[in-house]
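Chemist: Here it is, the structure in full.
The values are calculated or read from the model by the stated rules, or taken from the named source; none is laboratory data. Since the model is a prediction, treat every value here as computed from it, not as a measurement. Neighbour counts are summed over all protein chains in view; Cβ atoms, including those assigned to glycine, are modelled from backbone coordinates with ideal geometry.
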Amino acid sequence: MDSKRLLVSAALESDESFRKALGKTLEDFDMTVQDLAHKSGVSPSTLYKIMNEDRSPSLDILRKIVSAVRGKEGGRAGNFIALIVTRQVLDEVVERSVRVGDETVRVREYPAMTVEDAIVAAIRAERDGAIAVVCAPIVSPTIEKILDIPIATIVPRDSVTEAIRLAAKKSKD
């Protein structure tokens, strides 16, 4: 189980379980409370109180801690959106980054030829640090059940209509 899921699961169990999971997470990532405070935006004193049984984390604090851990886990690869489609579709994609507000987010390709390939690619993308996944409608419901990041489904209205026209034309030839 990855660290962010371990933390959430432990928080739902008890404060003591959360303290132990948080300590293990800090140890696994070779982080200090100061490092976590810097990454999460939670004051060091609040984190020390949580670690030393003086305080239970609020939902807001828990979200900040989990978000910081998620960033640390995904920090190896950077900030990107995973595009999971066939190689043929990838060859047609022109944009390799997208502008969101003041930030540019990269698009990383994950080619998949089967549903199984797409599911494996989605899991790999999340582990690599993807902030979201774009995929075909045939796999998006399954991927949404597996991942903790947002999923966007490709709805190829124009290409489907064009494919139907082409099929109709070929059927008359």
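Chemist: Quick check on the range 124-131. Is at least one of its residues outside any helix (DSSP H, G or I), out of contact with any Asp or Glu (no Cβ under 9 Å at 6 or more places or on another chain) and surrounded by 11 or more Cβ atoms within 10 Å (Cβ to Cβ)?
Modeler: yes
Chemist: Here's something else I'd like to know. Tell me, which residue of the range 132-173 that is surrounded by 10 or more Cβ atoms within 10 Å (Cβ to Cβ) and among the polar types (S, T, N, Q) is farthest from the chain's Cα centre (by Cα)?
Modeler: T161
Chemist: Additional query: Go through V94, V107, V120, V155 for me and flag whichever is free of Cβ contacts under 8 Å to residues at least 40 places away in the same chain, in a strand (DSSP E or B) and over 30 Å from K20 (Cα atoms).
Modeler: Going through V94, V107, V120, V155 in turn, just one is free of Cβ contacts under 8 Å to residues at least 40 places away in the same chain, in a strand (DSSP E or B) and over 30 Å from K20 (Cα atoms): V107.
Chemist: Identify, from the list I65, I84, the residue that is buried (at least 16 other Cβ atoms within 10 Å of the Cβ), modelled with pLDDT of 85 or more and touching a Cys at 6+ places or on another chain (Cβ under 9 Å).
Modeler: Testing whether each residue is buried (at least 16 other Cβ atoms within 10 Å of the Cβ), modelled with pLDDT of 85 or more and touching a Cys at 6+ places or on another chain (Cβ under 9 Å) leaves just I84.
Chemist: Which residue, of G41, G71, is at pLDDT below 90 and not basic (K, R)?
Modeler: On inspection, the qualifying residue turns out to be G71.
Chemist: Do we have E116 as surrounded by 15 or more Cβ atoms within 10 Å (Cβ to Cβ), closer than 16 Å to L147 by Cβ and out of contact with any helix residue (DSSP H, G or I) (no Cβ under 7 Å at 6 or more places or on another chain) here?
Modeler: When the stated conditions are applied, E116 does not pass them.
Chemist: Continuing with this model, one more query. What is the one condition in (1) charged (D, E, K, R); (2) in contact (Cβ under 8 Å) with a residue 24 or more places away in the chain; (3) assigned to a helix (DSSP H, G or I) that D148 does not satisfy?
Modeler: Checking D148 against (1) charged (D, E, K, R); (2) in contact (Cβ under 8 Å) with a residue 24 or more places away in the chain; (3) assigned to a helix (DSSP H, G or I), the one that fails is (3).
Chemist: Name every residue in the range 8-36 that is closer than 23 Å to D148 by Cα and among the hydrophobic types (A, V, I, L, M, F, W, C), in order of residue number.
Modeler: Of everything in the range 8-36, those that are closer than 23 Å to D148 by Cα and among the hydrophobic types (A, V, I, L, M, F, W, C) turn out to be V8, A10, A11, L12, F18, A21, L22, L26, F29, L36.
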